[in-house]
């Protein structure tokens, strides 16, 4: 870090003339970049000379200064090759960050060259079509709806200490936790070694060392400079102990880490996460380490989540802030009617929320039993209101502190570091609004709402579906069989295709997301179309080729003199799987080829089923080959 640098321009602190003056006093800031977020969560980055930005600042605010080619970003079916023009509109309601290039020093000032990153909205044919706009406009709708609820009802169950007429505004609080894997380039660790370390809990919250420690500390300090207010950085469950080379440097680094920072309003939260990822990658890269934010970079070992915390608060006319999830008596009740409605809305609509949270092959690879990742639609509130507990096996859990009502929130555990947080928060908040309306309009007490959320499968409710259960204080991995989980809490999708089909399968649930016309049907259609393009492309051009490499690497290691009957039996199983997966013949095509044929023919149901089979077969191949390889010894 360098002294006297400007790291951020806080929202609302400076007027346009003051911003120009600030930039004039910091000539190391050479460029401006409007940061729009497409429907896949990708951020744009362009270099506009700062002199041009200062000269035409008014045009940047009204969207007439910068135009881009929308067909080059993920706005599938919206910005097309014959109608690709996008206008970029600067957003002055959030913080602007300065991104410094520490490898490019300005000769005049001796400081690193900076780029002012300005969050922006993307406008196509006069309509906003980007992820930031979807979230921002949805929150405005929810705010108006909740204020109307308070004006209409006056007193709400569990919130009797609030007079509805005193509610001046609604505040949306959100925070994300960033998990990631870090390693030295080209080094690999065996899955079994990583798995054993995970089971033995050798890494979780252990002391970081060497360049990992340095990079972690640098990232946390830099986050402070950018106003992100980091709260913790620590080792996560995955990883193995590094080794030291002859020069005293750590090698064979393979660790999983987590960084957390303070909550903020929902839109700023998503912007902060984007900036945090940039800072983490740059800090670790500067220390010779690779970072991946993939949800499941190593199959068979703990993946990386991005647990997302959400809450609602009311600003009263007196200026006081009140958490709308917290009941007046924290020791007597878990939640207010607003809180119960929020979690019921999230769970009821989760089939159509999940496509926006888990839209990639990688994300669904993480959501498997046994790795503390959620696999079914269920919540936990705790065993008693007076003694909060934390269930790490459920989809969305209640986080609360009896002595701090402002801390009450829900932690949604399914997102991963590549989840589009803007759209995920939109879907979560919009579904919560639907549940809140139902809970408040029902006139039910908090006890009656608790009974609704806690009902058994087969019991009819006023809002939740009869055949389903929605709450469990058990370990849902160990205390239920796969069949019981699927019956009680709904069977999770196994592929991107299955997940996206829920948008078509549950049109009534989709209506909760499109209410208010911010997350418009054509935007949902575009998101799904883009996700399916990525699913097909990755399946054909990455997953199948990677699996083909696994097949080809499974080579015979035994010879006639040293092979045991077990070796021969294992190799027979291995070779059968290799042929079934990858070898075409006149009478039968391989599984890989059948997947390709199904996709080319548009038979996506079949392709999805074959993908599931491929995953199982490749997993079996790797397991048997490891057993076979272990049994190889040199016999003298």
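Below are the figures for this structure:
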quantity	calculated
Spin-label proximity, residue 616 to the range 538-563 - amide N less than 11 Å from point 7 Å beyond Cα toward beta carbon	none
Whole-angstrom gap from the range 353-431 to the range 527-606, using each part's C-alpha centre	34
Mean separation of Cα contacts under 8 Å, 6 or more apart, over the residue count of the range 411-555: relative contact order %	17
Fewest-first sequence of 399, 280 by Cβ atoms within 10 Å of each Cβ	399, 280
Sorted by Cβ density within 10 Å, fewest first, the residues 585, 376	585, 376
Net length gained if the chain between residue 45 and residue 331 were fully extended (0.36 nm per residue, minus Cα distance)	98.0 nm
Global size of the chain as Cα Rg and Dmax, reported in angstrom	26.3, 89
Extension gain, residue 474 back to residue 548 (0.36 nm per residue minus Cα-Cα distance, nm)	22.6 nm
Distant alpha-carbon pairs in the range 533-630 (separation over 24 angstrom), percent	28
Inter-part distance where the range 438-460 and the range 54-112 are each reduced to a Cα centre, Å	48
Spin-label model distance (nm) - residue 506 vs residue 3, 7 Å beyond Cα toward Cβ	5.7
The range 349-417 - Rg over Rh from alpha carbon coordinates, Kirkwood radius	1.03
Two-site label geometry, residue 140 and residue 561: point separation in nm, points 7 Å out along Cα→Cβ	8.1
Approximate shape of the range 479-531 as ellipsoid semi-axes (Cα gyration tensor, √5λ), whole Å, largest first	27, 14, 7
Value at 222 nm in deg cm²/dmol, rounded to 500, when DSSP H runs of n ≥ 4 in the chain each add -39,500 (n - 2.57)	-12500 deg cm²/dmol
Relative contact order of the range 134-519, pairs being alpha-carbon contacts under 8 Å that are 6 or more residues apart, as %	20
Inter-label distance, nm, simple model (7 Å from Cα along the C-beta direction), residue 583/residue 392	4.5
Ranked list, fewest to most other Cβ atoms within 10 Å of each Cβ, for 134, 377, 524	524, 377, 134
Sequence-separation-based contact order of the range 533-630, relative, with Cα cut under 8 Å and 6+ spacing, percent	31
Net length gained if the chain between residue 299 and residue 630 were fully extended (0.36 nm per residue, minus Cα distance)	117.2 nm
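No lab work stands behind these numbers, since they all come straight from the coordinates. Computed from a predicted model, the values in this text were never measured in an experiment. All Cβ positions, even for glycine, are placed from backbone atoms using ideal geometry, and neighbour counts span all protein chains on display.
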